[in-house]
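Peer 1: The structure under discussion is supplied below as structure tokens; questions concerning it will follow.
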Amino acid sequence: MATAVAHGLHPAVHAIGDRANAVVLDGFGAVAGPGRVEHAQLVSAGDVPRFARPGLVVSVQPQHAPADRDVAERHWGGVTARAFPYADLAAAGARLEFGSDAPVAVPDPWAAIADAVARTDVDRPPWHPEQALDTPTALRAAAAGRDLPGPGEPADLVLVGVDPLTLDPAGMRQMPVLATLRGGEFTHRVV
């Protein structure tokens, strides 16, 4: 990590498990540079605030929580309340960004948003719903931590057929995407 930071790179380090997350956070503290923690699954309560350090992105995959819940219960029994702690990380001020970890999960941002809000897929009850995100927070995380662009910012936009703030998670999974723009140029257009 120190070599990467010294050469202007932002390290991205996988961390699954409370000890792994603690070691990675120690590493970022030692190099004092920006970077990403990939997954941040199973985090000790005392380490959650450490993810809020400037320049650190917590790259999470909300589809992993419902997909991995049985394995987590089997191997992390008794501590699964700290598995996939999205609400705690957001409340601590960490910068959450969603990804799919494709091809492990479907690269559909609306499925990730729905899973982060519902803490489940379509067939089961919510798993640790206390770690669910509200829709605005989930939308921001799916947009790499950004809100709506302001004057002079690149127009990276998605035009959808329904206001996502009015939808339940099932509706989000069916989100009609009408157009996408990157840097103000259409990359996809239905209409």
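Peer 1: Taking into account only those residues within region 136-161 that are free of Cβ contacts under 8 Å to residues at least 24 places away in the same chain, under 23 Å from G55 (Cα atoms) and of a type in the set (A, V, I, L, M), which is surrounded by the fewest Cβ atoms within 10 Å (Cβ to Cβ)?
Peer 2: Ranking the qualifying residues of region 136-161, first place goes to L148.
Peer 1: Here are some conditions: (1) closer than 18 Å to P85 by Cβ; (2) within 12 Å of the chain's Cα centre (by Cα); (3) not hydroxyl-bearing (S, T, Y). W127 meets all but one. Which one does it not meet?
Peer 2: Condition not satisfied by W127: (2).
Peer 1: Inside region 83-191, counting only strands (runs of 3 or more DSSP E) that do not spill past its ends, which hold 3 or more residues that are touching a Phe, Trp or Tyr at 6+ places or on another chain (Cβ under 8 Å), modelled with pLDDT under 95 and not β-branched (V, I, T)? So that I can check it myself, show each step before the final result.
Peer 2: Values: elements: 95-98, 157-160, 177-182, 185-189.
Fully inside region 83-191 and qualifying: nothing.
Peer 1: Could you list all residues from region 103-114 that are of a type outside the set (A, V, I, L, M) and over 11 Å from A142 (Cβ atoms)? Talk me through it step by step, then tell me what you get.
Peer 2: From region 103-114, those of a type outside the set (A, V, I, L, M) are 103, 107-110; that's our starting set.
If the condition is that a residue be of a type outside the set (A, V, I, L, M) and over 11 Å from A142 (Cβ atoms), then P103, P107 are the ones that fit.
Peer 1: List, please: which pairs have Cβ atoms under 7 Å, are six or more places apart or on different chains, and start with a residue in region 17-30 that is within 22 Å of A65 (Cα to Cα) and touching a residue at least 12 places away in the same chain (Cβ under 8 Å) and end with one that is outside any helix (DSSP H, G or I) and among the small types (G, A, S)?
Peer 2: Cβ pairs passing all conditions: D18/S44; N21/A15; N21/A40; A22/S44; V24/A15.
Peer 1: For region 11-58, name all the residues that are within 18 Å of M1 (Cα to Cα), part of a helix (DSSP H, G or I) and in contact with a helix residue (DSSP H, G or I) (Cβ under 8 Å, 6 or more places away or on another chain).
Peer 2: Matches in region 11-58: N21, A22, L25, G29, A30, V31, R50, F51.
Peer 1: If I filter region 137-162 down to residues being among the acidic types (D, E) and within 22 Å of the chain's Cα centre (by Cα), which single residue comes out as farthest from G93 (Cα to Cα)?
Peer 2: Filtering region 137-162 for residues among the acidic types (D, E) gives 147, 153, 156.
Cutting the leftovers down to within 22 Å of the chain's Cα centre (by Cα) gives us 147, 156.
Working: D147: 15, D156: 24 Å.
Filtering first and then ranking leaves D156.
Peer 1: Counting just the residues of region 37-65 that are over 17 Å from P103 (Cβ atoms) and in contact (Cβ under 8 Å) with a residue 60 or more places away in the chain, which one comes out farthest from the chain's Cα centre (by Cα)?
Peer 2: Within region 37-65, the first condition is being over 17 Å from P103 (Cβ atoms), and the residues that meet it are 37, 40-58, 60, 65.
Retained after the next criterion (residues that are in contact (Cβ under 8 Å) with a residue 60 or more places away in the chain): 57, 60, 65.
Numbers: V57: 9, V60: 4, A65: 11 Å.
Checked region 37-65; the qualifying residue farthest from the chain's Cα centre (by Cα) is A65.
Peer 1: Is there a residue in region 75-82 that is small (G, A, S), assigned to a helix (DSSP H, G or I) and surrounded by 18 or more Cβ atoms within 10 Å (Cβ to Cβ)? Don't jump to the end; show me each part of the working.
Peer 2: Taking region 75-82 as the starting set, the residues that turn out to be small (G, A, S) are 77-78, 81.
Add one more test, that the residue is assigned to a helix (DSSP H, G or I), and what stays is 81.
When the remaining residues are screened for being surrounded by 18 or more Cβ atoms within 10 Å (Cβ to Cβ), the result is none.
Looking for residues that are small (G, A, S), assigned to a helix (DSSP H, G or I) and surrounded by 18 or more Cβ atoms within 10 Å (Cβ to Cβ), one finds none in region 75-82, hence no.
Peer 1: Among the residues of region 157-172, are any acidic (D, E) and under 19 Å from R119 (Cβ atoms)?
Peer 2: First, the residues of region 157-172 that are acidic (D, E): 163, 168.
With under 19 Å from R119 (Cβ atoms) added as a condition, the list becomes 168.
There is at least one residue in region 157-172 that is acidic (D, E) and under 19 Å from R119 (Cβ atoms).
Peer 1: Residues that are of a type outside the set (G, A, S), more than 25 Å from V31 (Cβ to Cβ) and buried (at least 17 other Cβ atoms within 10 Å of the Cβ): does region 45-58 have at least one? Step through it out loud before you land on a result.
Peer 2: Let us first name the residues in region 45-58 that are of a type outside the set (G, A, S), namely 47-51, 53-54, 56-58.
Applying the additional criterion that residues be more than 25 Å from V31 (Cβ to Cβ) yields none.
Scanning region 45-58 turns up no residue that is of a type outside the set (G, A, S), more than 25 Å from V31 (Cβ to Cβ) and buried (at least 17 other Cβ atoms within 10 Å of the Cβ).
Peer 1: Which of the residues that make up region 66-87 are in contact (Cβ under 8 Å) with a residue 24 or more places away in the chain and at positive phi?
Peer 2: Of everything in region 66-87, just one residue is in contact (Cβ under 8 Å) with a residue 24 or more places away in the chain and at positive phi, namely F84.
Peer 1: Would you be able to say whether some residue in region 25-38 is loosely packed, with under 14 Cβ neighbours inside 10 Å and on the phi > 0 side of the Ramachandran plot? So that I can check it myself, show each step before the final result.
Peer 2: Step one: filter region 25-38 for residues loosely packed, with under 14 Cβ neighbours inside 10 Å, giving 26, 29-30, 32.
If we keep only those that are on the phi > 0 side of the Ramachandran plot as well, we get 32.
Yes, region 25-38 has at least one match.
Peer 1: Please determine, by comparing only the residues of region 119-135 that are within 18 Å of H64 (Cβ to Cβ) and β-branched (V, I, T), which one is surrounded by the fewest Cβ atoms within 10 Å (Cβ to Cβ).
Peer 2: Kept after step one, since they are within 18 Å of H64 (Cβ to Cβ), are these residues of region 119-135: 119-133.
Keeping just the survivors that are β-branched (V, I, T) gives 120, 122.
Values: T120: 19, V122: 12.
If we take residues in region 119-135 being within 18 Å of H64 (Cβ to Cβ) and β-branched (V, I, T), then V122 is surrounded by the fewest Cβ atoms within 10 Å (Cβ to Cβ).
Peer 1: Now a separate question. Can you report the number of residues in region 12-24 which are crowded, with 21+ Cβ neighbours inside 10 Å and not hydrophobic (A, V, I, L, M, F, W, C)? Break it down stepwise before answering.
Peer 2: Taking region 12-24 and keeping what is crowded, with 21+ Cβ neighbours inside 10 Å, we get 15, 21, 24.
Then keep just the ones that are not hydrophobic (A, V, I, L, M, F, W, C); that gives 21.
Number of matching residues: 1.
The values are calculated or read from the model by the stated rules, or taken from the named source; none is laboratory data. Being a predicted model, the structure only gives us computed values, none of them experimental. With ideal geometry, Cβ positions are generated from the backbone for all residues, glycine too; neighbour counts draw on all protein chains shown.
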